[in-house]
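The values are calculated or read from the model by the stated rules, or taken from the named source; none is laboratory data. Only a predicted model underlies this, so the values are computations on that prediction, with no experimental measurement involved. Neighbour counts run over all protein chains shown; Cβ positions are idealised from the backbone, glycine included.
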Amino acid sequence: MTRMPTEPIAVEPRRVLLTGASGTLGFNILRQLAGVPGIHITASVRTLASSLVQFAPQVEFIEHELSDATHTAQMFERVKPDVILHCAASGLRPPRGTWFDLMNFNVESTMRLFQMNCRFNHHSHFIYISTGLVYRMQGRPLVETDPIETLHPYGASKAATDSMLQAAAAEFGRSLTILRPFAFTGPHDAAGRLFPEILRAASEGRTLPLTDGLQIRDFCAVQDIARAVVQCVQRTPEQLIEKFNLGSGQEMPLRRLIEQTLATLDLKADLRFGDVPRNPLEPAHLVANASHAREVLGWQTETSLAQAVWELAQEIAPNLQLARPALTK
């Protein structure tokens, strides 16, 4: 018999279980969340990367493979989290597995983690990091009620999980917040992604082939996205299921966005636009309408994209002589 949805359980966050701490967003969330008084963070990692050691002993790290159902149950029983913050995902950072590996990890491991929240009597607020790539392209800024439908492999794996989590939350009466970040960059961004590749190419004095850059994009500083996530960790949900787009809402052809950012940094890079064909499965227009996050969370973007790229450059290409941009937009 199907259970009727109930009101979300009001909990004061004290124990947070974080997955994906080594990723771009997870790392920046951890950096902000570790300084919040009264919150104990347990981070589940495959291996403890050297970049994460700086957060100990404020953060307890557990080496764990999310595909291991038994260990996942043991971890949940041990931590008894008030908040599960699920950032771990496969498909955006190299190395990328096969299509089916992507689906297995992003869908099955996430649902297994949510199952622990339903299996035990300790109710947790489940915060799921989805993506703006879940949507069917509309040719305008996207809102949370737009159809979830995409052929993009990563987007499809997140869309499937997004829908299944909502059904499970309604079935079992568990608080669920779905956050859908659009494109972002900044500190700890990974090799193989756009701005790290641009910075490395400029640092090494080599050309970088790119697409024509005519696709319309919405780019944010990862620091701003992380701040929205931390706000969700600290608040009690107002509804059983909440969904928020996270993006600047400023639409611009990707080529112009790149060129403006590099001009602000006074960075010369030999970029060969048009040398790489566009992925036909990627949307031509991907922009967020984040008015719901502004109204409910009081969140808006603050950090300039140029500042985010400047901070990334200090990490991965310190030899570049860049102009220091304005911190805020």
Point to revise | All positions within segment 61-119 that are of a type in the set (A, V, I, L, M, F, W, C), surrounded by fewer than 20 Cβ atoms within 10 Å (Cβ to Cβ) and out of contact with any Ser or Thr (no Cβ under 8 Å at 6 or more places or on another chain) | key: ALA69, ALA73, LEU92, TRP99, PHE100, CYS118
Check your understanding: In segment 35-88, how many are more than 20 Å from the chain's Cα centre (by Cα) and of a type in the set (Lys, Arg)?
Key -> 2
Point to revise | Criterion: of a type in the set (Gly, Ala, Ser) and part of a loop (DSSP other than H, G, I, E, B) - qualifying residue of ALA313, ALA323 | key: ALA323
Check your understanding: Restricting segment 184-221 to residues that are out of contact with any Ser or Thr (no Cβ under 9 Å at 6 or more places or on another chain), under 21 Å from LYS158 (Cβ atoms) and modelled with pLDDT of 95 or more, which is surrounded by the most Cβ atoms within 10 Å (Cβ to Cβ)?
Key -> ARG217
Exercise for review: Taking THR236 as the residue in question, decide whether it is at pLDDT below 95 and in contact with a His (Cβ under 9 Å, 6 or more places away or on another chain).
Suggested key: yes
Review point. Which of the residues belonging to segment 148-172 are surrounded by 17 or more Cβ atoms within 10 Å (Cβ to Cβ) and assigned to a loop (DSSP other than H, G, I, E, B)?
Key: THR150, HIS152
Check your understanding: Which residues, counting only those in segment 60-116, are in contact with a helix residue (DSSP H, G or I) (Cβ under 8 Å, 6 or more places away or on another chain) and of a type in the set (Asp, Glu)?
Key -> GLU65
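For segment 236-281, what are the residues that are within 19 Å of the chain's Cα centre (by Cα) and part of a loop (DSSP other than H, G, I, E, B)?
Once the filter is applied, which keeps residues that are within 19 Å of the chain's Cα centre (by Cα) and part of a loop (DSSP other than H, G, I, E, B), segment 236-281 yields GLY247, SER248, GLY249, GLN250.
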Practice item. Report yes if some residue within segment 197-213 is in contact with a Leu (Cβ under 7 Å, 6 or more places away or on another chain), touching a residue at least 60 places away in the same chain (Cβ under 8 Å) and within 29 Å of LEU113 (Cα to Cα); otherwise report no. Key: no
Review point. Only one of these conditions is not met by ILE129: (1) within 18 Å of the chain's Cα centre (by Cα); (2) of a type in the set (A, V, I, L, M, F, W, C); (3) over 20 Å from ARG193 (Cα atoms). Which number is it?
Key: (3)
